[in-house]
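Each reported figure results from applying straightforward, stated rules to the coordinates on display, with no laboratory input. All figures in this text were calculated on a predicted structure; none of them were measured in a lab. Methodologically, a virtual Cβ is constructed for each residue, glycine included, from the backbone with ideal geometry; neighbour enumeration extends over all protein chains shown.
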């Protein structure tokens with residue numbers, strides 16, 4: 001397993017033992033499974049909110065991972081998707097991931113909130129995989145996901161970002177339920 | 001002048017000599033003037049895009065400043081508003097600035113893009129001051145500002161975030177023109 005390509009300060013320590021950065025995540029299902037696994041482990045270890053995300057290149061290599069770190073880092077920016085995108089851009093050394101002509105996928109265990117939605121527009125992502133829906137996140141775990149454009153999928157697709165929803169939605173919902181059962185903070 | 005409460009890596013070196021962290025920015029106009037001054041200096045020093053932002057407490061104390069650092073930091077997250085909000089949260093030690101019961105204002109030299117719009121929803125800001133409009137940014141400097149909810153102001157106001165537009169809009173527009181005249185990168 002390669003060294004974790006992220007700052008120690010941002011990600012919890014269990015990432016190193018739990019994520020295989022050498023594995024090839026060839027399918028959308030394998031990519032979503034990792035995002036949901038990260039969300040679940042973040043709940044289990046009590047290291048943040050019930051959300052995980054990961055960035056992959058077109059061949060399925062794992063570029064970077066993220067989990068929600070809002071409360072541990074005391075930063076409203078530290079959503080899973082943003083933690084993963086910042087780490088991916090730092091690793092690849094560019095502000096728009098696909099500026100190299102490659103195709104990049106972001107898998108998110110739940111539908112991105114308004115903040116992550118906007119970040120995805122600029123990050124150089126070609127495909128967005130979503131597990132749980134916003135109404136799952138709101139009804140099961142009590143999170144407000146904020147205002148989005150009415151046709152939020154169309155707005156992404158018109159910018160060349162493909163969107164696939166409901167991937168392993170039941171598994172993603174189970175993580176939200178586990179968080180609520182623990183009485184996790186809602187923000 | 002107090003030490004700059006931000007990491008050296010995030011902000012350009014000229015901030016230390018140009019920003020008075022002891023000054024009281026009592027009026028909305030004084031707060032916007034600082035945001036526009038930051039945007040202009042960022043263009044003049046060629047240290048990022050033509051955008052500046054600053055966070056103030058209710059008494060007018062300057063909490064943190066930000067300028068666009070997308071290209072220098074190779075990060076699509078490094079918009080002026082986000083740089084300022086991250087620094088403010090780090091300085092005050094909480095993920096929602098107004099969790100202390102205080103009122104906080106974010107001044108932005110131009111209307112926030114979709115990413116910064118979403119970030120503002122969660123940051124704990126009570127008032128958003130805007131200089132240039134999005135169509136200024138697009139027509140004068142060529143930036144795409146991304147998709148927003150149709151009633152983006154109403155969505156913020158329903159969440160307790162007051163919005164004031166067109167503050168010193170001409171001065172804010174002049175910075176965008178200066179950037180375009182320099183042939184600055186558009187992203």
- prompt: In the stretch A:103-166, if every C-alpha pair distance is counted and binned at 10 Å from zero, what percent goes to each bin?
  reply: 22, 59, 18, 1
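Roughly what % antiparallel, to the nearest 5, for the DSSP beta bridges in the protein assembly as shown?
Working: 22 of 38 bridges.
Given both bridge residues lie in the protein assembly as shown, the antiparallel proportion sits at roughly 60 percent.
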task: Could you calculate the FRET efficiency of residue B:150 with residue A:18 from 1/(1 + (r/R0)^6), where r is the beta carbon distance between them and R0 is 25 Å, rounded to 0.05?
output: 0.05
- request: Give me B:140, B:106, B:129 ranked fewest to most by other Cβ atoms within 10 Å of their Cβ, as a rough exposure proxy.
  value: B:140, B:129, B:106
statement: Using alpha-carbon positions, the gyration tensor of the stretch B:134-187 gives root eigenvalues a ≥ b ≥ c; with a/c under 1.5 called rounded, otherwise prolate if a/b exceeds b/c, else oblate, the class is oblate
task: Assuming a ≥ b ≥ c are the square roots of the Cα gyration tensor eigenvalues, decide whether the stretch B:5-101 counts as rounded (a/c under 1.5), prolate (otherwise, with a/b larger than b/c) or oblate.
output: oblate
- request: For residue A:13, go 7 angstrom from Cα along the Cα-to-Cβ vector, then report the distances to that same point in the other copies in nm, smallest first.
  value: 3.8
query: Comparing B:49, B:66, B:118, which has the greatest mean-square fluctuation in the GNM of chain B with Cα pairs linked when under 10 Å apart?
result: B:118
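Could you tell me the relative contact order of the stretch A:1-142? Use alpha-carbon pairs under 8 Å, at least six residues apart, and round to a whole percent.
Details: 276 pairs, mean separation 29.1, N = 142.
Relative CO of the stretch A:1-142 lands at 21 percent.
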task: When you have a sec, figure out the Kirkwood radius of chain B from all distinct Cα pair distances and drop it here in Å to one decimal?
output: 16.0 Å
message: Between residue A:30 and residue A:158, what's the calculated FRET efficiency when r is the beta-carbon distance and R0 is 41 Å? Round to 0.05.
response: 0.90
query: Which semi-axes, in whole Å and largest first, does the equivalent ellipsoid of the protein assembly as shown have when worked out from the alpha carbon gyration tensor as the square roots of 5 times its eigenvalues?
result: 33, 22, 19
query: Taking the axis that carries chain A onto chain B, what is the nearest Cβ in chain A, and at how many Å, to the whole number?
result: A:118, 2
- line: chain A, Gaussian network, Cα under 10 Å: of A:67, A:121, A:83, the residue fluctuating most is A:121
message: Residue by residue through A:87-93, how many Cβ atoms from other chains fall within 10 Å of the Cβ on average?
response: 2
statement: Distances in nm between the label point of residue A:183 (7 Å along Cα→Cβ) and its equivalents in the other copies, shortest first, are 6.3
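Please compute the average number of Cβ atoms from other chains found within 10 Å of each residue's Cβ in peptide A:147-156. Don't skip to the answer; put the middle values down first.
On the way: counts 13, 6, 7, 4, 2, 3, 0, 1, 4, 1.
Other-chain Cβ atoms within 10 Å of each residue's Cβ, averaged: 4.
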statement: Rounded to a whole number, the mean other protein chain Cβ count within 10 angstrom for residues of B:76-85 is 4
query: How far is residue B:102 from itself in the other copies, in nm, if each label sits 7 Å out from Cα along the Cα-Cβ line, shortest first?
result: 4.2
